[in-house]
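Trainee: Supplied in structure tokens, the structure appears directly below.
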Amino acid sequence: MKLVFATHNQNKFNEVKALLPSHIELVSLTDIGCHDEIPETAETLKGNAKIKADYVTRTYGLNCFADDTGLIVDALNGAPGVYSARYAGEQKNAQDNMNKLLSELKGVENRSARFQTSIALNIDRETIYFEGFVEGKITTSKSGEQGFGYDPIFQPEGYQKTFAELPLKVKNLISHRGKAIQKLVTYLHQNSTK
């Protein structure tokens, strides 16, 4: 089965590809010749995931899934949330985003946060949604070289290391995206008629 993952982010693509069974041929937006920056204009993660999946299905006629992920920080009333990728501006720079977040939380004791991933799967003219969450906290400084996005400042519950310090195998087991993708994989297994 060929399935498009609506992303240009190679790190995210590799993370997800490692979770999918070998009978699913995963391709990225680049692989199908889509170089467009699909605007994420919805007010929710679920809405943005649907916008991206719908764009690919409508334009290329392919089965596709898209995700949107937000970091929800309790002390900031849920920010950056749906604006996580462009928290520090439209340049979508991970270092700028982390610096801004660390600056906003300077001296703040309550550092609890969670990641949420919403996935919209467009398959056989249907849209199915999957979600995954991971609880944790924002560290006071960056730590680790692996991962991407906010990984160097997010410490998942039950671990003494940030996502950027954990091996990908471990991160995929416990992460928001990993949990949402597992639900997607289970769905594809149960419904694979192709």
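The values are calculated or read from the model by the stated rules, or taken from the named source; none is laboratory data. Here the structure is a predicted model, which is why all the values come from computation and not from measurement. Neighbour counts run over all protein chains shown; Cβ positions are idealised from the backbone, glycine included. Just the protein is used for accessible areas: all its heavy atoms, side chains included, with ligands, DNA and RNA removed. Shrake-Rupley method; radii C 1.70, N 1.55, O 1.52, S 1.80 Å.
Trainee: Expressed as a rounded percentage, what relative contact order does the stretch 125-179 have, with Cα pairs under 8 Å and six or more residues apart?
Mentor: Numbers: 82 pairs, mean separation 19.5, N = 55.
Computed value for the stretch 125-179: 35 percent relative contact order.
Trainee: Let me ask something else. Based on the alpha-carbon gyration tensor of the stretch 147-194 and its eigenvalue square roots a ≥ b ≥ c, which shape applies: rounded if a/c is under 1.5, prolate if not and a/b is larger than b/c, or oblate?
Mentor: Working: a/c = 3.48, a/b = 2.90, b/c = 1.20.
Here the stretch 147-194 falls in the prolate category.
Trainee: Further, regarding this structure: Under 14 Å from the 7 Å Cα→Cβ point of Met1, by amide nitrogen: which residues of the stretch 167-193?
Mentor: Of the residues in the stretch 167-193, 181-193 have backbone N under 14 Å from the label point off Met1.
Trainee: For the stretch 1-95, with all protein chains present and a 1.4 Å probe, just round the carbon and sulfur fraction of the accessible area to a whole percent. Let's see the in-between values first.
Mentor: On the way: 2190 of 4480 Å².
Carbon with sulfur: 49 percent of the solvent-accessible area.
Trainee: Which percent of the accessible area of the stretch 111-194 is formed by carbon and sulfur heavy atoms (probe 1.4 angstrom)?
Mentor: Values: 2090 of 4200 Å².
The C+S portion of the solvent-accessible surface of the stretch 111-194 is 50 percent.
Trainee: What are the radius of gyration and Dmax of the stretch 98-194, computed over its Cα atoms and given in Å?
Mentor: For the stretch 98-194, the Cα-based Rg and Dmax read 16.0, 55 Å.
Trainee: Under a plain spin-label model, where a point goes 7 Å from the Cα along Cα-to-Cβ, how far apart in nm are Tyr159 and Ser112?
Mentor: Placing both labels 7 Å along Cα→Cβ, they lie 2.0 nm apart.
Trainee: For the stretch 1-113, what is the Kirkwood hydrodynamic radius in Å, using each pair of distinct C-alpha atoms? List each step's numbers first, then the result.
Mentor: Details: mean 1/r = 0.0642 Å⁻¹.
By the Kirkwood definition, the hydrodynamic radius is 15.6 Å.
Trainee: If only Cα atoms are counted, what is the Rg of the stretch 1-59, and what is its Dmax, in Å?
Mentor: Spelled out, the Cα radius of gyration and Dmax of the stretch 1-59 are 11.8, 35 Å.
Trainee: Okay, next question. Hey, got the Cα dimensions of the chain along the principal axes, in Å, largest first?
Mentor: Here the Cα extents, ordered largest to smallest, are 53, 31, 25 Å.
Trainee: Leaving out ligands and nucleic acids, and using a 1.4 Å probe, what accessible area per residue does the stretch 73-194 come to in Å²? The partial results should precede the final answer.
Mentor: On the way: 6360 Å² over 122 residues.
Heavy-atom SASA per residue in the stretch 73-194 reads 52 Å².
Trainee: Which whole-number value in Å² is the accessible area per residue of the stretch 1-61, probe 1.4 Å?
Mentor: On the way: 3110 Å² over 61 residues.
I get 51 Å² per residue for this part.
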